[in-house]
Amino acid sequence: MTRSLAKSNAHFEQAVKHLPLGVASNFRYWGADKTIYVKSGRGGRITDLDDNHYVDYRLGYGPAILGYADPRVDEAARKGMEVGGVFALSTELELAVAKRISKMVPAAELVRFSNSGTEAVMAALRLARAYTGKDDYVLLEGGYHGLFDAAMWYTPMENWGQVGEPEIKPYSEGIPVGTKSWAHFVQANDADGLETILKKHSHKIAALLIEPIMGNCLGIAAEPDYLRAARTLCDKYGVLLIIDEVKTGFRVARGGVQELYGVHADLCTFAKAVANGYPISVLAGREEIMRKIGQGVAHGGTYTAHAVSLSAAEKTLEILDETDALEVIERYGTKLRQGMSRILEARGIAHSFVGHPSMSGLYFAHTPPRTYRDWKGSDYSFYDAMAQELHEEGVLCEPDSREPWFVCAAHDESCLADTLKGFEIAVDRTVAAGIEARKVPA
Ligand SMILES: Cc1ncc(COP(=O)(O)O)c(C=O)c1O
């Protein structure tokens, strides 16, 4: 190990006495000796308590779309602070941000705000159930939609033996087993599988809840024909299409994944990139459905639409809409992929990229995955070992191969050079440690 984590380790020992796992979110715990605590973040880089510097590709799982501490957004947030707090009343800012969202995302005819992605998706599902009068919903294997009970059923692949159907399990203890019966699972890019489920159960299915670029599963991307088919099938069977754009929204295109694919959702959700990291999320959709809010459907919250977050959102969305920030991000992401490919190809290591250049999954197999089950057939253990070496070399990716690499507008040429230098060293160390990577087919 080349870097010292002495201060982070010492902090962990104190923190764990007061906080479960020593952190505020389970995903931030990487083990007693590996959990890092952040001192500061600027642009595309963060510094930890031990003054280790990292080029950061986690970006808080996506929010820092313009980079950490963007001065334009922070100035707007300070103006939001001057509004004075939360009033259990609305401010003028809500309308300004709602109008911008409707302009950028045509399917977002009406908009409601909340604080986290979980809250937005939970509200979308409730609204879909209220509108259709049905309780069940369809999820994709490998999807993630937040920490509410209905979304916390999944098909863990770790123990799947690559034959038969994977087991459906709860993400956590404490999820009422009764909630399992509402969730139906299909594989990504399998329109026939989706139709089979809808044909059989559409009388009780309210919605298909889908991330067309799976931001929690390598960025596995829907094939355009599949997404169009899913839209048609939802209409045919009277099921709402909820597109969860918590990660893709205002990132993969100004109008998110819906613009990229030319497919409109009935309801859609946004969070991460909306306010460059200030807490806010969005439920939006077709007017006819959204008008049920307040006409029988409950929605609200004490901290909903805080002026600090709204003011930050107004500025962030203005920048994303009116400047070339997203093109800058896409160009950087493309160069990053090309640089990594050069290094891997020179060593004959089979690999492919998935998702979008702004949120890339690096996959250790020659053919990109179409479904979560494909991940099982890749050399993810090579990735896991390499990720630890990358951290040593100041490149911060998620230790788990299923989380894509997020790019922000502040990642510049120096970030790219540092990343590729670290990447080369990390790959070579992983190979030298005897961890087998599959070779490019002859
Ligand atoms: C697609 C998707 N939906 C919902 C969520 C939940 O968002 P939050 O963590 O803000 O509650 C996430 C979080 O990563 C997500 O990626």
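Restricting the search to segment 195-215, which residues are open to solvent by less than 10 Å² (accessible area, probe 1.4 Å) and part of a loop (DSSP other than H, G, I, E, B)?
Selection gives Pro212, Gly215.
Does segment 279-290 contain at least one residue that is within 14 Å of the ligand (Cβ to nearest atom), in contact with a helix residue (DSSP H, G or I) (Cβ under 8 Å, 6 or more places away or on another chain) and either in a helix (DSSP H, G or I) or charged (D, E, K, R) (or both)?
Looking for residues that are within 14 Å of the ligand (Cβ to nearest atom), in contact with a helix residue (DSSP H, G or I) (Cβ under 8 Å, 6 or more places away or on another chain) and either in a helix (DSSP H, G or I) or charged (D, E, K, R) (or both), one finds none in segment 279-290, hence no.
Only residues that are among the β-branched types (Val, Ile, Thr) and within 11 Å of the ligand (Cβ to nearest atom): list them for segment 242-253, please.
Matches in segment 242-253: Ile242, Ile243, Val246, Thr248.
Residues checked against (1) of a type in the set (A, V, I, L, M, F, W, C); (2) in contact with a Gly (Cβ under 8 Å, 6 or more places away or on another chain):
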{"position": "Ala88", "(1), (2)": "yes, no"}
{"position": "Thr118", "(1), (2)": "no, yes"}
{"position": "Gly161", "(1), (2)": "no, no"}
{"position": "Phe185", "(1), (2)": "yes, no"}
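Pull up segment 153-168, narrow it to residues that are in contact (Cβ under 8 Å) with a residue 24 or more places away in the chain and in a loop (DSSP other than H, G, I, E, B), then point me to the one that is surrounded by the fewest Cβ atoms within 10 Å (Cβ to Cβ).
Gln162
Would you check which residues across segment 49-107 are over 24 Å from the mean Cα position of the chain (by Cα) and surrounded by 20 or more Cβ atoms within 10 Å (Cβ to Cβ) and list them?
If the condition is that a residue be over 24 Å from the mean Cα position of the chain (by Cα) and surrounded by 20 or more Cβ atoms within 10 Å (Cβ to Cβ), then Asn52, Ala76, Gly80, Leu93 are the ones that fit.
Test each condition in (1) under 27 Å from Glu141 (Cα atoms); (2) charged (D, E, K, R); (3) in a loop (DSSP other than H, G, I, E, B) for Asp374 and report the one that comes out false.
Status for Asp374: all satisfied but (3).
What are the residues in segment 292-309 that are part of a helix (DSSP H, G or I) and within 24 Å of the chain's Cα centre (by Cα), if any?
Passing the criteria: Val308, Ser309.
Do you know which of the residues in segment 124-149 that are more than 16 Å from the ligand (Cβ to nearest atom) and of a type in the set (Gly, Ala, Ser) is farthest from Ala271 (Cα to Cα)?
Gly133
Which one of these is part of a helix (DSSP H, G or I) and under 30 Å from Ile168 (Cβ atoms): Asp384, Asp400?
Going through Asp384, Asp400 in turn, just one is part of a helix (DSSP H, G or I) and under 30 Å from Ile168 (Cβ atoms): Asp384.
Scan segment 291-305 for residues that are more than 15 Å from the ligand (Cβ to nearest atom) and under 16 Å from Ser90 (Cβ atoms) and report the count.
Summing the residues that are more than 15 Å from the ligand (Cβ to nearest atom) and under 16 Å from Ser90 (Cβ atoms) in segment 291-305 gives 6.
Looking at Ala312, Ala265, Ala273, which is the one that is within 16 Å of the ligand (Cβ to nearest atom) and either under 17 Å from the mean Cα position of the chain (by Cα) or not hydrophobic (A, V, I, L, M, F, W, C) (or both)?
It is Ala273.
Are there any pairs with C-beta distances below 8 angstrom linking a residue in segment 246-264 that is on the phi < 0 side of the Ramachandran plot and free of Cβ contacts under 8 Å to residues at least 60 places away in the same chain to a residue that is away from the ligand (no atom under 11 Å from the Cβ) and part of a loop (DSSP other than H, G, I, E, B), with the two at least 6 apart or on different chains, and if so which?
Matching pairs, first to second residue: Tyr261/Ala222.
If Gly361 passes every condition in (1) assigned to a strand (DSSP E or B); (2) open to solvent by 10 Å² or more (accessible area, probe 1.4 Å) but one, which one does it miss?
Looking at each condition in turn, Gly361 falls short on (2).
In this structure, does Ala426 turn out to be more than 23 Å from the chain's Cα centre (by Cα), open to solvent by 50 Å² or more (accessible area, probe 1.4 Å) and modelled with pLDDT of 95 or more?
No: the conditions fail for Ala426.
Is it true that some residue in segment 230-241 is in a strand (DSSP E or B), in contact with a strand residue (DSSP E or B) (Cβ under 6 Å, 6 or more places away or on another chain) and either touching a residue at least 40 places away in the same chain (Cβ under 8 Å) or within 16 Å of the ligand (Cβ to nearest atom) (or both)?
yes
Please find, within segment 87-123, the residue that is nearest to the ligand (Cβ to nearest atom) out of those that are in a loop (DSSP other than H, G, I, E, B) and more than 16 Å from Glu287 (Cα to Cα).
Within segment 87-123, the match that is nearest to the ligand (Cβ to nearest atom) is Ser116.
Kindly provide the set of residues from segment 410-423 that are under 26 Å from the mean Cα position of the chain (by Cα), part of a helix (DSSP H, G or I) and not small (Gly, Ala, Ser), ordered by number.
Glu413, Cys415, Leu416, Asp418, Thr419, Leu420, Phe423
The values are calculated or read from the model by the stated rules, or taken from the named source; none is laboratory data. Everything numeric here is computed off the predicted structure, so don't read it as measured data. No Cβ is skipped: glycine too gets one built from the backbone with ideal geometry, and neighbour counts run over all protein chains shown. We work out accessible area using only protein heavy atoms, side chains counted, and drop any ligands, DNA or RNA first. Shrake-Rupley method; radii C 1.70, N 1.55, O 1.52, S 1.80 Å.
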